[in-house]
Amino acid sequence: MTSSKSYKYVKLDSEPSTSFASRTIEQQELIIKSQDENLEKIGANVRVLRDMSAKIGFEIEEQSIMLDDLNADLDSTQAKMATVMNKMGKVMHMSAGKEASINFKPNISNIANCTDMNLIVRILLYRMRIRIVLNINRSIERTISCRNLASLFLIARQWLLLLNGGGVDECFERQIRMAFTFVLMWIGIVVFSLFILVAGHQKEIDGNGYLVYCPCMGRFGNQVEQFLGTLSFAKHINRTLVLPPFIEYDSTQTKMIRFTDYFQLKPLLKYHRAIEMSKFIRDVAPVIWPMNRRIGFCYYESSHSNGCDMKYGNPFQAFWDLYNVDFVSYEIYSKNGLTTDRPQWDLWLERYPAKNYPVLAFKGAPGAFPSNPEDHALQKYLVWTPNVQNKADTFISENLRGQPFLGVHLRNNRDWVNHFSFFCLLLSKPFGHFQPNVCQYIKPKWHLFCSSQCLGKNFEHGIMTMELCLPSEESILSQVKEAIARTGLKVLFVASEYNHMINQFTQILPKKEGYTVARRYPDHAQISLAILAKSKLFICNCLSSFTAMVKRQRDLQGLPTEFWGFNNTQTKQHDEL
């Protein structure tokens, strides 16, 4: 009897009841549910990492731009250091007495080699970069919580316990820990790279809105003229200016040149907020300017349609297509009584607030052409890139003997002369007098292009003449010869879009008498502009927007500028009075 009771007690103790089995199943279901949730978290983390990788890919291009700029800066530093070393060497040779020379040499013995100096600079830059990396790494450690990453290890360990029947070999677990350590290191590298590339470059969205436009009128000189007014307009209505590429034309194609290929961004930001167009389209447009909200702005209705025809013709279509921009509607602002003239700028804030119109996309530049005198001082914020400056300095050093020189610009390209007169020029003008294409429209008191830069806004310095617009070869040679005699300069630099007149200049300034006449091959416009800005005296075409830019640069530096076919002495006396 006793054994029977014991048997029944043991049987009940070893065989689980129905309630115990149900609780076990519930616990298993909870474990499975928890594991499913953990798997979803893992999937979410994987998606985050995938998005991070995509963003890193988008930032690679920007990083390469930075590396190019850094390389240019290093090259510039190396060139400057080489110049300093050469000057120091000359000082050593010119020093009087052996004692002075002996006392001077030890001070530079450790840095006499330009390569060593470059190495020192690179070491200093490397040390600075290490410090920056360490500081960023500390910031990441403070910012990113490791608990979420550690939970991944615990989840994986739970799965391993289940798969191995409740136990994990110690060696195997050590291998898993090492594998997870590697994964965590990889994740750290990804997050670190993302921090560098994204946090270092990504800008916040400007709640005051953006201004974007197509620089679709004229060549480089015209585009810069209108840029000054557009920059002033953007600052007044407090919108970030989107910097478009410069549009260049040749006989076969239209080229888009990045704004920062010619001008530095940092000096411009001292005046107003700005962002390159490629970065705006990539980072900002998807957020505040999606494809279904892109409105084009124009002054008057197009003759080809009822809208603005933002992409009709060249270069309009090529410009907007480069950034895959299409417009869903149009705003003809003249119908609201608006223009982009300075007196109406305040009305833009009232009529088109940034809340409703985050982006003002203009068919053409809203800045005036030619630029208003009030905006000429903004030229100081357009600073050539080190690449342009270095090429200009190298040319001056190697081809202009590193001496003060007379710089001249001849505006005689085919767009300045009509087809018939150009044909006459090729035949040495056998048909007698001819009218230039542009200059045939001149009137004594009617401004054309940038003529106010020499005549004055109200013609206080003179009136328009044919010699002012298209000076004859005889007057050009005479004016150059007079300027050389007056200044005592021995070097002449010539810039032109077409005919540099080198043979004619070398005849009146022969090499055997110590003169140098030079030009660039090929004549790259931007580098020639940078060279002309450094000349001792500059003679240019009064109407040309190309040389108006050089004059503004020189005015800021107090350097003299004269004009072809113009009484420059009388103008200077008038200015002094």
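The values are calculated or read from the model by the stated rules, or taken from the named source; none is laboratory data. Since the model is a prediction, treat every value here as computed from it, not as a measurement. In this analysis, Cβ positions are derived from the backbone assuming ideal geometry, glycine residues included, and neighbour counts consider all displayed protein chains.
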task = Of all residues in region 449-485, count the ones that are crowded, with 18+ Cβ neighbours inside 10 Å, closer than 18 Å to Cys542 by Cβ and of a type outside the set (Gly, Ala, Ser).
result = 14
inquiry  = Looking at region 518-536 only, could you name the residues that are basic (Lys, Arg) and either over 19 Å from Leu556 (Cβ atoms) or part of a helix (DSSP H, G or I) (or both)?
reply    = Arg519, Arg520
key: Any chance Glu301 is outside the structural domain of Gly364 (by TED's automatic domain parsing) and either buried (at least 22 other Cβ atoms within 10 Å of the Cβ) or over 14 Å from the mean Cα position of the chain (by Cα) (or both)   = no
request  = Could you please find all residues in region 341-364 being part of a loop (DSSP other than H, G, I, E, B) and over 21 Å from Arg293 (Cα atoms)?
outcome  = Asp341
message = Please go through (1) polar (S, T, N, Q); (2) within 20 Å of Val383 (Cα to Cα); (3) modelled with pLDDT under 95 for Ser528 and return the number of the only condition it doesn't satisfy.
response = (3)
inquiry  = Being farther than 29 Å from Asp250 by Cβ, assigned by TED's automatic domain parsing to the domain that holds Leu448 and in contact (Cβ under 8 Å) with a residue 60 or more places away in the chain narrows it down to one residue among Lys536, Lys512, Lys551; which is it?
reply    = Lys536
Count of region 479-503 residues which are in contact (Cβ under 8 Å) with a residue 40 or more places away in the chain and under 29 Å from Tyr249 (Cβ atoms) = 10
key: Residue tally, condition over 25 Å from Val224 (Cα atoms) and touching a residue at least 60 places away in the same chain (Cβ under 8 Å), over region 326-348   = 0
remark   = Scanning region 515-532 residue by residue, the ones that are over 26 Å from the mean Cα position of the chain (by Cα) and in contact (Cβ under 8 Å) with a residue 40 or more places away in the chain total 2
query = When the residues of region 250-265 are filtered to those that are touching a residue at least 40 places away in the same chain (Cβ under 8 Å) and of a type outside the set (S, T, N, Q), which remaining residue is surrounded by the fewest Cβ atoms within 10 Å (Cβ to Cβ)?
reply = Asp261
inquiry  = Is it the case, given these coordinates, that Gly488 is touching a Lys or Arg at 6+ places or on another chain (Cβ under 7 Å) and surrounded by fewer than 21 Cβ atoms within 10 Å (Cβ to Cβ)?
reply    = no
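Table: residues versus (1) under 36 Å from the mean Cα position of the chain (by Cα); (2) at pLDDT 90 or above; (3) assigned by TED's automatic domain parsing to the domain that holds Gly407; (4) not in a loop (DSSP other than H, G, I, E, B).
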{"residue": "Phe422", "(1), (2), (3), (4)": "no, no, yes, yes"}
{"residue": "His433", "(1), (2), (3), (4)": "no, no, yes, no"}
{"residue": "Asn437", "(1), (2), (3), (4)": "yes, no, yes, no"}
{"residue": "Gln440", "(1), (2), (3), (4)": "no, no, yes, yes"}
{"residue": "Ile484", "(1), (2), (3), (4)": "no, yes, yes, yes"}
task = Pull up region 537-569, narrow it to residues that are touching a strand residue (DSSP E or B) at 6+ places or on another chain (Cβ under 8 Å), part of a loop (DSSP other than H, G, I, E, B) and of a type in the set (S, T, N, Q), then point me to the one that is surrounded by the fewest Cβ atoms within 10 Å (Cβ to Cβ).
result = Ser544
inquiry  = Which condition from (1) within 28 Å of the chain's Cα centre (by Cα); (2) in a loop (DSSP other than H, G, I, E, B) is the one that Leu338 breaks?
reply    = (1)
